[in-house]
1. Considering B:I79, B:I98, which residue is among the hydrophobic types (A, V, I, L, M, F, W, C), under 21 Å from B:F203 (Cα atoms) and crowded, with 21+ Cβ neighbours inside 10 Å?
2. Looking at (1) facing chain B (nearest Cβ under 7 Å); (2) in contact (Cβ under 8 Å) with a residue 40 or more places away in the chain; (3) surrounded by fewer than 20 Cβ atoms within 10 Å (Cβ to Cβ), which one does A:R129 not meet, given that it meets all the others?
3. Which one of A:S171, A:S184 is under 30 Å from B:T40 (Cα atoms) and of a type in the set (S, T, N, Q)?
4. On the given criteria, is A:P30 assigned to a helix (DSSP H, G or I) and under 19 Å from A:M249 (Cβ atoms)?
5. Which of the residues spanning the stretch B:122-145 are under 20 Å from the mean Cα position of the chain (by Cα) and surrounded by 24 or more Cβ atoms within 10 Å (Cβ to Cβ)?
6. Just give me the residues in the stretch B:116-149 being facing another protein chain (nearest Cβ under 7 Å) and not in a helix (DSSP H, G or I), in sequence order.
7. A:A58 versus (1) of a type in the set (A, V, I, L, M); (2) at pLDDT below 95; (3) part of a helix (DSSP H, G or I): which is the lone unmet condition?
Amino acid sequence: MDRAVQQGDPAIAERRAVAPREREGLLTLPLALFFLLFFLAPLGLLAGISLRVTPQFAGWGPQQYAKFAGDAFNWSVLGQTLLLGVKTVVVTACIGVPLGLLFMEAPRRLQPALLFIIVLPLLTSVVVRTFAWIVILGREGLLNNVLMGLGVVTTPIRLLGTELGLVIALSQIEMPLMLLPLISVMSRLDPNLKDASAALGAGRWRTLFRVTLPLSLPGLVAGCLLVFASSVTAFVSQTIIGGGRMVLMPFYIWQQATTLFNWPFAATLSMVLLVSVLAVVTTLNALGRRTRALAAG
Amino acid sequence: MARRSTGGDISYRLVLGALAGVALLILVVPVLVVLITSFTDSRSLRFPPPALSLRWYRSLFDPVQSAQIHTAVWNSLVIAFSATAIAVTLGTAAALGIAGRRAWWAQTLDGLFMSPLVLPTLAFGLAALMFFSTLGFPLSIPLMILGHVAVIVPFVLRTTIASLSQLDRGLLDTSASLGAGAFYTFRRVTLPIIRPGILAGAFIAFMASLDNVSVSLFLAGPENDVLPIRMWSMLESTLDVRTAAVSGVLIFSTALLVVVMDRIVGLTRRIS
């Protein structure tokens, strides 16, 4: 879109756009109204309820937030949840980027098959994916069988109910969210750049870190954002693979809201999670814009 | 100038090849494992299964034994179809209004409509529960549909805006100068061109609704149970092996749906 405007005479583009384009703007109204009623209003109410003093909705004040801040347990739950997101992002990026590079270098006729494998997790329900990891990570599971068969370990290692197991599972579950934006940016890169870098004497590592990766950063940042947001809120995987030992924010919120019926505190927890994720997302986004500007300039 | 094949080149191939291999394994193995496990004869989730049988599929399709699951599947399908239909209608209209605009309000709306993708939707699920109960509505399937629309609209919006950005505005001017009205132009020019984008978005949105947990978790009740929540509680409480059979059915039907979608989207691309 930008390119078309830049290439054409701006005056012509402007004139062309006037009459029908103005009216087309009104087409956003129905969805805007829907979001106002069924998205912003509920979130506003959530913020309101988080300011109630007692679970019986008496009084107004920041007591619930004080309660949250006053207990170290709450901070550790929040910290563990955000850390889980970061760890998942790091693992998915470390194996996702090589897979993206492999995809770009693969022969054209193999690319559709690779793409199908990449979106495979998206096509299987999140419960199915979680179920698979129970079978793989369990005491008599595939991974323990393989490790013991190879003689790496002598007794089954415990993976279900641990953070390691959860990160492994989430890295599969969230992989497409990393790879799809990454591949869409990588496929727009000029292949000549890589050849030019090689011709100028750079080795393949140098080309990767100095040319390909910096130019793919917008896609990488977008992927990291989606993976982070999704793994932080992945309730099913967290409760089933993480098990009862790890309390993470989504389970904590759910427990407060539906078993303890403490809506104000559940709302407070939700607001804290919302704001923390928003802060991470905004920071990453700003970083992404900076790198985009760098890549363009 | 010939490029030297250095140690760096070899290590590059080895390291990246190994990591990409791990990624491929992690993507493929779980799906295969589920499929194989679903044919187990055993009551446990041991892998590989000691013997193969169809007993869990038989149990799953038994109308009495699995009545709850069947109701949940039916509810999930009703919700996913309705929510997708609403999301496609509202989303396509909004995409037409937003695509290619630099105005502040278009950017703001775009950010708002896309925000469910990067926000913890679980917080929205709780918010929706509080909102509907405060208004005094009992939890029901229509409310669930409304809740799902908000979180699946971004998928429709994203693919539709992407396909609109490839639309040549000159075509619309030509159509208008030949005397076609705005709606006629939309139906005969714009729609055929952006249809693959809309359909792709609708497909992803449908899958996202079918698979949604974070909103359903709060809005589902005994009266409007949905499949992911039912499966979650089956796994949470007893590690019911029927979940493997449900998984198998889901994998097969999704694969079928993907093939059909590819035919349709590919077909429309050829026509346009």
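1. Among B:I79, B:I98, only B:I79 is among the hydrophobic types (A, V, I, L, M, F, W, C), under 21 Å from B:F203 (Cα atoms) and crowded, with 21+ Cβ neighbours inside 10 Å.
2. (3)
3. Values: A:S184 fails: under 30 Å from B:T40 (Cα atoms).
The unique qualifying residue is A:S171.
4. Values: assigned to a helix (DSSP H, G or I): yes; under 19 Å from A:M249 (Cβ atoms): no.
The answer is no for A:P30.
5. Filtering the stretch B:122-145 for residues under 20 Å from the mean Cα position of the chain (by Cα) gives B:122-125, B:141-145.
Residues satisfying the conditions are B:L122, B:A123, B:F124, B:G125, B:M144.
6. Passing the criteria: B:V118, B:L119, B:P120.
7. (3)
Yes/no per residue for (1) of a type outside the set (A, V, I, L, M, F, W, C); (2) at pLDDT 90 or above:
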{"site": "B:M114", "(1), (2)": "no, yes"}
{"site": "B:L117", "(1), (2)": "no, no"}
{"site": "B:A123", "(1), (2)": "no, yes"}
{"site": "B:M130", "(1), (2)": "no, yes"}
{"site": "B:S133", "(1), (2)": "yes, yes"}
{"site": "B:I141", "(1), (2)": "no, yes"}
{"site": "B:I145", "(1), (2)": "no, yes"}
{"site": "B:H148", "(1), (2)": "yes, yes"}
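The values are calculated or read from the model by the stated rules, or taken from the named source; none is laboratory data. On a predicted model such as this, the values are computed, not experimentally measured, just so you know. Quick reminder, even Gly has a Cβ in these numbers, built from the backbone with ideal geometry, and neighbours come from all protein chains shown.
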